[in-house]
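Everything on this sheet refers to the single structure shown next.
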Amino acid sequence: MRETPDPQSLLDWYDAHARAMPWRVPPADKQAGVRPDPYRVWLSEIMLQQTTVAAVKDYFIKFTTLWPDVRALAAAEDADVMAAWAGLGYYARARNLLKCARAVMADHGGQFPDTVEALQTLPGIGPYTSAAIASIAFDRQATVVDGNVERVMSRLYAVDTPLPTAKPELTALATVLTPDARQGDYNQAVMDLGATICTPKSPACGICPWMAGCMARSQGIAATLPRKLPKKQKPTRLGIAYVARRADGAWLLETRPEKGLLGGMLGWPGSDWSEAPAPAQPMEAKWQETGVEVRHTFTHFHLKLQVLTAVTDSEPNRGQFIAHSQFRPADLPTVMRKVYDVASPALDLD
């Protein structure tokens with residue numbers, strides 16, 4: 001007879017093997033009475049959306065050093081927050097981060113609400129993030145389902161339906177398993193199990209605390225689950241980036257429109273990104289081709305950018321010149337840093 005997965009056995013495993021993360025209260029400390037900081041839980045969950053733990057850690061430390069609480073973040077300059085976020089991607093998250101911090105201050109007295117329903121009224125917080133915050137920060141009854149949890153559930157119950165079609169079924173299975181006590185620890189335990197043992201390739205079934213109850217393991221199909229529908233091929237878009245510098249060393253940059261890709265971020269003036277982009281020079285100048293194509297992949301398409309450079313003292317019709325001493329390439333999003341790396345040798349004024 002198949003053994004029923006026991007939440008307590010997973011919690012026992014988590015107590016001994018929980019991953020150390022800068023935003024997490026270790027289980028021993030939590031049991032000793034240390035409570036998670038909702039601000040740090042919220043910040044980490046926003047950063048972790050579609051981003052790996054490894055990529056997030058340094059950003060989280062930087063943000064909590066610059067802005068240690070929600071009051072400090074709400075009072076921050078937009079440009080400073082966007083610059084600190086540069087390179088982490090999905091820049092709408094950074095814009096919503098500021099909106100949310102300010103809403104918490106204005107509408108909730110600087111305290112994050114503690115229910116899923118109330119959390120979802122805040123900018124940038126949807127069903128998954130609200131469940132994670134309510135569960136981890138406040139131990140509320142909420143089921144948190146990310147990619148790791150989907151993988152664990154699909155194997156535990158040998159769910160053959162491919163993702164994303166299987167999402168509702170996997171969420172329902174995860175909800176049934178979620179215990180009434182230690183909500184936050186349990187949800188983090190399932191995610192840790194998926195990240196460290198029930199991994200996408202070569203799962204370490206022999207040391208899994210739930211191996212006895214795993215249907216996929218008993219059938220010898222664990223490594224084949226979850227099944228996934230074939231991915232659609234990403235289209236390729238083209239564009240032109242114009243990198244200009246004045247004789248005094250200043251760089252021509254612009255803040256991109258708030259809506260759209262890289263919204264609110266600093267970048268180089270350029271064309272639209274399409275199959276046939278139209279030239280969009282920010283000024284009259286002797287534009288020179290670098291001969292190097294910048295390539296970057298976004299969630300829904302591949303991008304190829306032609307990079308043109310010029311040294312000019314003409315007045316731009318878009319963007320503004322920023323003194324070399326005030327320009328930090330690290331403040332640029334990744335694709336714009338790639339453009340800088342290609343263009344800067346051609347614009348070395350030394």
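The values are calculated or read from the model by the stated rules, or taken from the named source; none is laboratory data. Bear in mind the structure is a predicted one, so any value in this text is a computation, not a measurement. Reconstructed Cβ throughout: ideal geometry from the backbone, glycine too, with neighbour counts over all protein chains shown. Note: accessible area is taken over every heavy atom of the protein model, side chains too, but ligands, DNA and RNA are not part of it. Shrake-Rupley method; radii C 1.70, N 1.55, O 1.52, S 1.80 Å.
Select from the range 15-28 the residues that are assigned to a loop (DSSP other than H, G, I, E, B), surrounded by 13 or more Cβ atoms within 10 Å (Cβ to Cβ) and touching a Phe, Trp or Tyr at 6+ places or on another chain (Cβ under 8 Å) and list them in ascending order. Don't jump to the end; show me each part of the working.
Quick first cut of the range 15-28, residues assigned to a loop (DSSP other than H, G, I, E, B) only: 18-26.
Of the ones still in play, those that are also surrounded by 13 or more Cβ atoms within 10 Å (Cβ to Cβ) are 18-19, 21, 23-26.
Residue satisfying the conditions is W23 alone.
May I ask you to verify whether T165 is touching a residue at least 40 places away in the same chain (Cβ under 8 Å), surrounded by fewer than 16 Cβ atoms within 10 Å (Cβ to Cβ) and polar (S, T, N, Q)? Working first, answer last.
On the way: touching a residue at least 40 places away in the same chain (Cβ under 8 Å): yes; surrounded by fewer than 16 Cβ atoms within 10 Å (Cβ to Cβ): yes; polar (S, T, N, Q): yes.
Taking the combined requirement at face value, the residue satisfies it.
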Where residues in the range 295-314 are β-branched (V, I, T) and surrounded by 13 or more Cβ atoms within 10 Å (Cβ to Cβ), which of them is farthest from K232 (Cα to Cα)?
T312
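How about the range 216-236: which of its residues are assigned to a loop (DSSP other than H, G, I, E, B) and under 30 Å from K304 (Cβ atoms)? Break it down stepwise before answering.
Residues of the range 216-236 that are assigned to a loop (DSSP other than H, G, I, E, B), as a first pass: 220-221, 225-227, 229-235.
Matches in the range 216-236: L229, P230, K231, K232, Q233, K234, P235.
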Let me spell it out: the conditions are (1) within 24 Å of V25 (Cβ to Cβ); (2) outside any helix (DSSP H, G or I), and T165 meets all of them except one. Which number is the exception?
(1)
For helices (runs of 4 or more DSSP H) lying entirely in the range 29-119, having 2 or more residues that are open to solvent by 70 Å² or more (accessible area, probe 1.4 Å) and more than 24 Å from H300 (Cα to Cα) picks out 53-66, 78-85, 92-108
Restricting the first residue to the range 101-116 and requiring it to be without any contact (Cβ under 8 Å) to a residue 12 or more places away in the chain, which pairs with a second residue that is part of a helix (DSSP H, G or I) meet a Cβ separation below 6 Å and a spacing of at least six or different chains?
P113/L119
So M265 ticks every box in (1) within 17 Å of S344 (Cα to Cα); (2) in contact with a Phe, Trp or Tyr (Cβ under 9 Å, 6 or more places away or on another chain); (3) of a type in the set (A, V, I, L, M) but one. Which box is left unticked?
(1)
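Report the residue count in the range 105-162 for those that are in contact with a Ser or Thr (Cβ under 7 Å, 6 or more places away or on another chain) and not charged (D, E, K, R). Show your work before the answer.
First pass over the range 105-162, keeping only residues in contact with a Ser or Thr (Cβ under 7 Å, 6 or more places away or on another chain): 116, 119-120, 131, 134, 140, 142-145.
Checking the rest, the ones that are also not charged (D, E, K, R) come to 116, 119-120, 131, 134, 142-145.
Matching residues across the range 105-162 total 9.
Does E289 qualify as being out of contact with any Lys or Arg (no Cβ under 6 Å at 6 or more places or on another chain), on the phi < 0 side of the Ramachandran plot, open to solvent by 30 Å² or more (accessible area, probe 1.4 Å) and assigned to a loop (DSSP other than H, G, I, E, B)? Step through it out loud before you land on a result.
Numbers: out of contact with any Lys or Arg (no Cβ under 6 Å at 6 or more places or on another chain): yes; on the phi < 0 side of the Ramachandran plot: yes; open to solvent by 30 Å² or more (accessible area, probe 1.4 Å): yes; assigned to a loop (DSSP other than H, G, I, E, B): no.
No: the conditions fail for E289.
Take the residues in the range 237-265 that are among the acidic types (D, E) and assigned to a loop (DSSP other than H, G, I, E, B); name whichever of them is surrounded by the fewest Cβ atoms within 10 Å (Cβ to Cβ). Break it down into steps so the answer makes sense when it comes.
From the range 237-265, those among the acidic types (D, E) are 248, 254, 258; that's our starting set.
Narrowing further to those that are assigned to a loop (DSSP other than H, G, I, E, B): 248, 258.
Details: D248: 10, E258: 12.
Only one residue fits best here, namely D248.
Could you please let me know if A75 is among the small types (G, A, S) and over 21 Å from V190 (Cβ atoms)? Write out each step before concluding.
Details: among the small types (G, A, S): yes; over 21 Å from V190 (Cβ atoms): yes.
Yes; evaluated as a whole, the condition is true for this residue.
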The residue from V149, V144 that alone is surrounded by 20 or more Cβ atoms within 10 Å (Cβ to Cβ), under 18 Å from the mean Cα position of the chain (by Cα) and either among the acidic types (D, E) or not in a helix (DSSP H, G or I) (or both) is V144
Neighbours by Cβ (under 6 Å, 6+ apart or cross-chain): first from the range 3-27, farther than 15 Å from I136 by Cα; second assigned to a loop (DSSP other than H, G, I, E, B)
P5/W210; P7/P179; S9/P209; L10/P209; W13/P209
Please enumerate the residues belonging to the range 180-222 that are open to solvent by less than 30 Å² (accessible area, probe 1.4 Å) and among the hydrophobic types (A, V, I, L, M, F, W, C).
A189, V190, M191, L193, I197, C198, C208, W210, C214, A216, A222
Residues being over 17 Å from P164 (Cβ atoms), in contact with a Pro (Cβ under 7 Å, 6 or more places away or on another chain) and touching a residue at least 40 places away in the same chain (Cβ under 8 Å): count how many of those fall in the range 222-239.
3
